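Here's the structure, in structure tokens; my notes come after.
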Amino acid sequence: MGGESVEPKACVLIATYNERQNIDQMISALLSLPNNFEVLIVDDSSPDGTGERVGELAKCEPRLHLLSRKNKEGYGPAMIAGLRYALQLGVERIVTMDADFSHDPKDVPKVCAALEKADIVLGSRYRGGVRVLNWAPRRLLLSMGANRYVRSVLGLSVADCTSGFRGYRRGVFESDILERCRFRGYAFLVELLYRCLKRGVHVAEVDIIYTERREGHSKMSKRVIFEAVFAPWILRFFTRR
Ligand SMILES: Nc1nc2c(ncn2[C@@H]2O[C@H](COP(=O)(O)OP(=O)(O)OP(=O)(O)O)[C@@H](O)[C@H]2O)c(=O)[nH]1
Ligand SMILES: [Mg+2]
């Protein structure tokens with residue numbers, strides 16, 4: 001006997017706003033993975049009832065957790081609240097992803113497993129090519145341009161610094177890093193990554209295929225884009241760690 005390796009406890013964290021059409025299928029896909037992941041949904045009181053639905057499902061599923069917040073404050077604050085909640089659940093690894101099937105739930109085990117050798121794992125659309133399906137050319141150009149812009153302003157060598165499909169080891173957050181993050185939209189992802197790299201955290205990438213959302217609507221807004229334009233410069237000149 002003995003020698004049996006026990007997988008570290010892990011949680012999949014998803015921020016949701018109006019994802020009612022995706023959430024049942026997403027939760028069921030995650031809970032049926034062989035890894036016994038905990039699943040945590042952070043919902044900002046979605047008017048379409050996403051939070052209520054998750055609450056209902058959670059009554060019969062001990063691995064499903066709901067963090068319900070009163071106001072829509074953006075992706076960044078929702079993620080920060082979710083990451084803190086996940087730490088309280090006592091998990092060693094956290095995988096973040098979107099609810100809309102742009103990130104394939106079947107890729108979660110591979111992102112999580114790569115945390116064996118890195119503190120942060122980026123599910124990468126752009127390493128060694130472009131793996132994005134069904135995006136209009138304009139949307140793809142915006143994403144690739146934003147990624148290149150961030151990389152050059154901040155001097156980053158990772159290929160996909162705006163991917164929301166990520167794995168983190170618990171140790172990454174056992175510091176003041178979440179308290180320091182200020183940006184609310186997708187710039188939050190850049191900020192967290194940049195602060196981690198400044199602190200010498202080991203970041204790896206695994207290839208994923210990204211697909212246009214299945215149902216529902218994007219939350220990309222002018223405010224989010226505006227913030228994303230200025231964030232790299234603010235981070236470059238006003239961020240020490
Ligand atoms: N709780 C919460 N979740 C959010 C908020 N904004 C976005 N989300 C969620 O964050 C994830 C990513 O948002 P999306 O709208 O899919 O953004 P995107 O993937 O950049 O854009 P699309 O490719 O067009 O879908 C989704 O699961 C959203 O429901 C927010 O303000 N609060
Ligand atoms: Mg999406």
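The values are calculated or read from the model by the stated rules, or taken from the named source; none is laboratory data. Just so you know, these numbers come straight off a predicted model, no measurement behind them. Neighbour counts run over all protein chains shown; Cβ positions are idealised from the backbone, glycine included.
Considering segment 72-90, and only residues there that are within 19 Å of N36 (Cβ to Cβ) and surrounded by fewer than 22 Cβ atoms within 10 Å (Cβ to Cβ), the residue that is farthest from ligand 2 (Cβ to nearest atom) turns out to be G90. If you filter segment 96-120 down to residues that are within 16 Å of ligand 2 (Cβ to nearest atom) and small (G, A, S), you find that the one that is surrounded by the most Cβ atoms within 10 Å (Cβ to Cβ) is A99. Listed by position, the strands (runs of 3 or more DSSP E) enclosed by segment 1-119 that each have at least 1 residues that are closer than 18 Å to V172 by Cβ and more than 16 Å from ligand 1 (Cβ to nearest atom) are 10-16, 38-43, 93-97. Residues that are within 16 Å of ligand 1 (Cβ to nearest atom) and either under 28 Å from F237 (Cβ atoms) or not acidic (D, E) (or both) do not occur anywhere in segment 151-159. Picking from residues in segment 211-239 that are acidic (D, E) and outside any helix (DSSP H, G or I), the one that is farthest from ligand 2 (Cβ to nearest atom) is E215.
Restricting to segment 220-233, and then to whatever is surrounded by fewer than 17 Cβ atoms within 10 Å (Cβ to Cβ) and within 10 Å of ligand 1 (Cβ to nearest atom), can you tell me which residue is modelled with the highest pLDDT?
The first filter runs over segment 220-233 and keeps only residues surrounded by fewer than 17 Cβ atoms within 10 Å (Cβ to Cβ), leaving 220-223, 225-226, 229-230, 233.
Then drop every residue that is not within 10 Å of ligand 1 (Cβ to nearest atom), which leaves 220-221.
Working: M220: 85, S221: 91.
Here the residue is S221.
In the set (1) closer than 23 Å to Q21 by Cα; (2) surrounded by 18 or more Cβ atoms within 10 Å (Cβ to Cβ), the condition left unmet by S68 is number (2). Of the residues making up segment 120-134, those that are assigned to a loop (DSSP other than H, G, I, E, B) and out of contact with any Phe, Trp or Tyr (no Cβ under 8 Å at 6 or more places or on another chain) are Y126, R127, G128, G129, V130, N134. Considering only residues of segment 139-185 that are basic (K, R) and either touching a helix residue (DSSP H, G or I) at 6+ places or on another chain (Cβ under 9 Å) or modelled with pLDDT of 95 or more (or both), which is nearest to F226 (Cα to Cα)? Filtering first and then ranking leaves R184. I'd like to know if segment 186-207 contains one or more residues that are within 29 Å of N18 (Cα to Cα), at pLDDT below 95 and not hydrophobic (A, V, I, L, M, F, W, C). Yes - at least one qualifying residue is present in segment 186-207.
Among the residues of segment 135-170, those that are part of a loop (DSSP other than H, G, I, E, B) and over 20 Å from the mean Cα position of the chain (by Cα) comprise A136, G155. All told, L192 meets the bar of being aliphatic (A, V, I, L, M), away from ligand 2 (no atom under 16 Å from the Cβ) and under 14 Å from the mean Cα position of the chain (by Cα).
Applying a threshold of 9 Å to beta carbon distances and a minimum spacing of six or more residues, or different chains, the list of pairs starting in segment 201-219 at a residue that is without any contact (Cβ under 8 Å) to a residue 24 or more places away in the chain and within 9 Å of ligand 1 (Cβ to nearest atom) and ending at one that is part of a loop (DSSP other than H, G, I, E, B) and acidic (D, E) reads S218/D100.
Taken together, S175, S157, S152, S163 contain a single residue that is within 19 Å of A15 (Cβ to Cβ), without any contact (Cβ under 8 Å) to a residue 60 or more places away in the chain, out of contact with any Asp or Glu (no Cβ under 8 Å at 6 or more places or on another chain) and polar (S, T, N, Q), which is S163.
Can you find, within segment 14-44, the residue that is surrounded by the most Cβ atoms within 10 Å (Cβ to Cβ) among those that are of a type in the set (D, E, K, R) and farther than 22 Å from E92 by Cβ? Explain how you work it out, then say what you get.
Of segment 14-44, the ones of a type in the set (D, E, K, R) are 19-20, 24, 38, 43-44.
The next check asks that each one be farther than 22 Å from E92 by Cβ; those that pass are 19-20, 24, 43-44.
Numbers: E19: 29, R20: 19, D24: 14, D43: 27, D44: 23.
For segment 14-44, the residue satisfying everything is E19.
Given the structure, is L140 under 23 Å from D100 (Cβ atoms), surrounded by fewer than 18 Cβ atoms within 10 Å (Cβ to Cβ) and free of Cβ contacts under 8 Å to residues at least 24 places away in the same chain? Judged against the criteria, L140 is a match.
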